[in-house]
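Here the structure comes first, spelled out in structure tokens, and everything after it is commentary.
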Amino acid sequence: MIMRIGIVGYGKMGVLIHQQALAAGHVVPVIVDPRSEAAEVTAQELSSLSLSLDVIIDFTKPDVVIDNIKCYGDLKVSAVIGTTGWYDKMNQVATVVDKTGIGLIWSGNYSLGVNLFFHLVKTASSVMNQFAQYDIAVHEYHHRNKVDCPSGTASMLGDMIIAAMDRKTKTVDGLLKRRIDEDELHISSTRGGSLPGTHQVIFDSDVDTIILEHSARSRTGFADGAVLAAEWLMGRSGLFTIEDLMQSIIGRNNIEKNK
């Protein structure tokens, strides 16, 4: 089905999402960015939107995204939110979604590969919860211009490991100049050069080491995931996460396999 997709935020990710949406056969009649001088930008403000859209994909900034979401609700347009740093206002967003009846999906990482990695890490952590001889750690590598440390993806990995493992109750990050406590999960980081985004989950015992690793070669995977999320959101109302999308695909495949 051909969709009419709007893009809000035309930085590097917005440009890639535009390209991938067109490659998937969709139409992108609206691109909003108050700072971009790109010829593709059609509006400087959301209030100037006048075209009918099926969904908006938002990769902006945390200080504007809540107002943006309120605007999407007023416009009755469902939204894919890739902006991070606003999760403490989730109750406000849930209220907007419930009141307006739009669909909204959010994630700190739309890469299909990363979300498959998340699924594997959750499964592995549940299994390794039964084997106390293995300690766990998370390490991530990124290029020298990466702003946050640890990455949002590494923090998400930490949260899902904590949820799955009884013997780990909290995460710690940065340089530790002390012995780590038994219930702590250390998230460490390396920054340098042009290193691609790489995340490792390490299960280590006295006799062996098991490492799960994901390495991103380009941003295209994130754009593909955002477009997939827009397609999945079509016809749905409510507040969703990327996990809902992944479970719908994985669950559907399992049902078809067992027929």
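The values are calculated or read from the model by the stated rules, or taken from the named source; none is laboratory data. The structure presented is a predicted model; accordingly, all values stated were derived computationally and were not measured. Glycine also receives a Cβ, built like all others from the backbone with ideal geometry; neighbour counts cover every protein chain displayed.
The requirement of being touching a Pro at 6+ places or on another chain (Cβ under 9 Å), assigned by TED's automatic domain parsing to the domain that holds Val127 and at pLDDT 95 or above is fulfilled somewhere in the stretch 158-165, by at least one residue.
Here is the figure for the stretch 44-69: residues that are among the charged types (D, E, K, R) and either buried (at least 17 other Cβ atoms within 10 Å of the Cβ) or closer than 18 Å to Ala229 by Cα (or both) total 2. Within the stretch 178-216, if we keep just the residues that are within 18 Å of Gly152 (Cβ to Cβ) and of a type in the set (Val, Ile, Thr), the residue that is surrounded by the most Cβ atoms within 10 Å (Cβ to Cβ) turns out to be Val201.
In the condition set (1) assigned to a helix (DSSP H, G or I); (2) under 22 Å from the mean Cα position of the chain (by Cα), Thr60 is compliant with all but (1). With the condition kept exactly as written, say whether any residue in the stretch 134-152 is within 22 Å of His119 (Cβ to Cβ), buried (at least 18 other Cβ atoms within 10 Å of the Cβ), polar (S, T, N, Q) and touching a strand residue (DSSP E or B) at 6+ places or on another chain (Cβ under 6 Å). Yes, the stretch 134-152 has at least one match.
Cβ-Cβ contacts under 6 Å between residues 6 or more apart (or on different chains), taken from a first residue in the stretch 193-209 that is touching a residue at least 24 places away in the same chain (Cβ under 8 Å) to a second residue that is surrounded by 17 or more Cβ atoms within 10 Å (Cβ to Cβ) and of a type in the set (S, T, N, Q), are listed as His199/Thr153.
Would you confirm, using the coordinates I've provided, whether Val41 is of a type in the set (A, V, I, L, M), surrounded by 13 or more Cβ atoms within 10 Å (Cβ to Cβ) and in a loop (DSSP other than H, G, I, E, B)? For Val41, the condition - of a type in the set (A, V, I, L, M), surrounded by 13 or more Cβ atoms within 10 Å (Cβ to Cβ) and in a loop (DSSP other than H, G, I, E, B) - is met.
Taking the listed residues Asp148, Asp159, Asp166, Asp181, the one that is within 28 Å of Phe222 (Cβ to Cβ) and not in a helix (DSSP H, G or I) is Asp148, with no other qualifying. Taking the stated definitions as given, is Val15 within 15 Å of Leu75 (Cβ to Cβ), assigned by TED's automatic domain parsing to the domain that holds Met234 and modelled with pLDDT of 95 or more? Spelling it out, it is not the case that Val15 is within 15 Å of Leu75 (Cβ to Cβ), assigned by TED's automatic domain parsing to the domain that holds Met234 and modelled with pLDDT of 95 or more. Against the condition in the same structural domain as Gly103 (by TED's automatic domain parsing), outside any loop (DSSP other than H, G, I, E, B) and not aliphatic (A, V, I, L, M), how does Gln247 come out, does it pass? Answer is yes for this residue. Within the stretch 99-124, if we keep just the residues that are more than 13 Å from the chain's Cα centre (by Cα) and free of Cβ contacts under 8 Å to residues at least 60 places away in the same chain, the residue that is farthest from Gly73 (Cα to Cα) turns out to be Thr123. A single member of Val207, Val227 is under 30 Å from Tyr72 (Cα atoms) and either of a type in the set (Val, Ile, Thr) or outside the structural domain of Gln130 (by TED's automatic domain parsing) (or both), and it is Val227.
Is it true that Ser189 is among the hydroxyl-bearing types (Ser, Thr, Tyr), on the phi < 0 side of the Ramachandran plot and either assigned by TED's automatic domain parsing to the domain that holds Ile17 or within 14 Å of the chain's Cα centre (by Cα) (or both)? No, not satisfied. Taking the conditions (1) in contact with a helix residue (DSSP H, G or I) (Cβ under 6 Å, 6 or more places away or on another chain); (2) at pLDDT 90 or above in turn, Leu233 satisfies each one other than (1). Residues that are at pLDDT 95 or above, exposed (fewer than 13 other Cβ atoms within 10 Å of the Cβ) and either among the hydrophobic types (A, V, I, L, M, F, W, C) or in a strand (DSSP E or B) (or both) occur at least once in the stretch 77-93.
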